[in-house]
Amino acid sequence: MTATHRVMMTDPNTSDFFYEEAIKTIRTNIQLVGIDVKVIAFTSCYPNEGKSDVVFQLSREIGKMGKKVLLLDGDIRKSAFIPRYGVKQQVCGLSQYLSGQVGGVDIIYQTNFENLDIIFAGPVAPNPSELLEQEAFGILLRTLRERYDFILVDTPPVGSVTDAVVTAKHCDGAVMVIENERVSVRVAAKAKEQLAMSGCRILGAVLNKVDPKTDRYYSRYGHYSYYRQ
């Protein structure tokens, strides 16, 4: 199963040395986790913690290293990939595949970024968790893992819905994106417990939106910090 369509995407972010170095650090840590970790779910506690941008930038960075990477937008409730990254053409997505409207080859798009393919979420579905629990989703991931070095799955916040837990069951590992000074230790711990219920290995967390001007401890890491479990 390979990409048969091509899509143009635009990165809205401006160049930032510290931002880029932090993403490279996350990439290095992901690569050092082990060869058995290929499919990785990313989630957060709340909406708008910057999770999707972390996944997108990390996917690009892995692609630059010569690794074939697939970004799978698993948020079939409220995806923002198409408007955020300036996709103008009509595309088919995951929800359409899981509901039997299109085949697997119809939802994989080659992007204009090096070694990066993407599966969009598709139209909003009324029953996201039920669709993701279908055998078709597991079969799709098992097939795709044979074609890619890494598959990064962007999921909805684990603190809001169960989709991330359902998705993580099919993944080799999971990473939590946590917004600095917004998410309490108690909330993060509860989200971690929920994610652990999937049986998926929790790889670590990304501390996001750190302001280097006000936080001296994290200032040398720029916008992102990463730690492993």
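Name the strands (runs of 3 or more DSSP E) wholly within segment 130-229 that hold at least 3 residues that are under 19 Å from the mean Cα position of the chain (by Cα), closer than 18 Å to residue 54 by Cα and at pLDDT 80 or above?
It comes to 150-154, 173-179, 202-208.
Anything in segment 1-28 that is more than 17 Å from residue 209 (Cα to Cα), at pLDDT below 90 and either among the hydrophobic types (A, V, I, L, M, F, W, C) or crowded, with 21+ Cβ neighbours inside 10 Å (or both)? List them, or say none.
1, 3
Going through segment 63-80 one residue at a time, which ones are over 15 Å from residue 30 (Cβ atoms) and either under 11 Å from the mean Cα position of the chain (by Cα) or part of a strand (DSSP E or B) (or both)?
Matches in segment 63-80: 72, 73, 74, 75.
Given (1) under 17 Å from residue 162 (Cβ atoms); (2) surrounded by 14 or more Cβ atoms within 10 Å (Cβ to Cβ); (3) at pLDDT below 95, where does residue 123 come up short, assuming only one miss?
(1)
Please give the number of the condition residue 138 fails out of (1) touching a Cys at 6+ places or on another chain (Cβ under 6 Å); (2) small (Gly, Ala, Ser); (3) free of Cβ contacts under 8 Å to residues at least 60 places away in the same chain.
The number of the failed condition is (1).
Among the residues of segment 45-67, are any more than 16 Å from residue 109 (Cα to Cα), free of Cβ contacts under 8 Å to residues at least 40 places away in the same chain and among the hydroxyl-bearing types (Ser, Thr, Tyr)?
No, segment 45-67 has no match at all.
Has segment 29-41 got any residue that is buried (at least 22 other Cβ atoms within 10 Å of the Cβ), farther than 20 Å from residue 179 by Cα and of a type outside the set (Ser, Thr, Tyr)?
Yes, that holds for at least one residue.
The values are calculated or read from the model by the stated rules, or taken from the named source; none is laboratory data. Since the structure is predicted, the reported quantities are computational estimates derived from the model, not experimental observations. Positions of Cβ are generated from backbone atoms using ideal geometry, with glycine treated the same way; all protein chains shown enter the neighbour counts.
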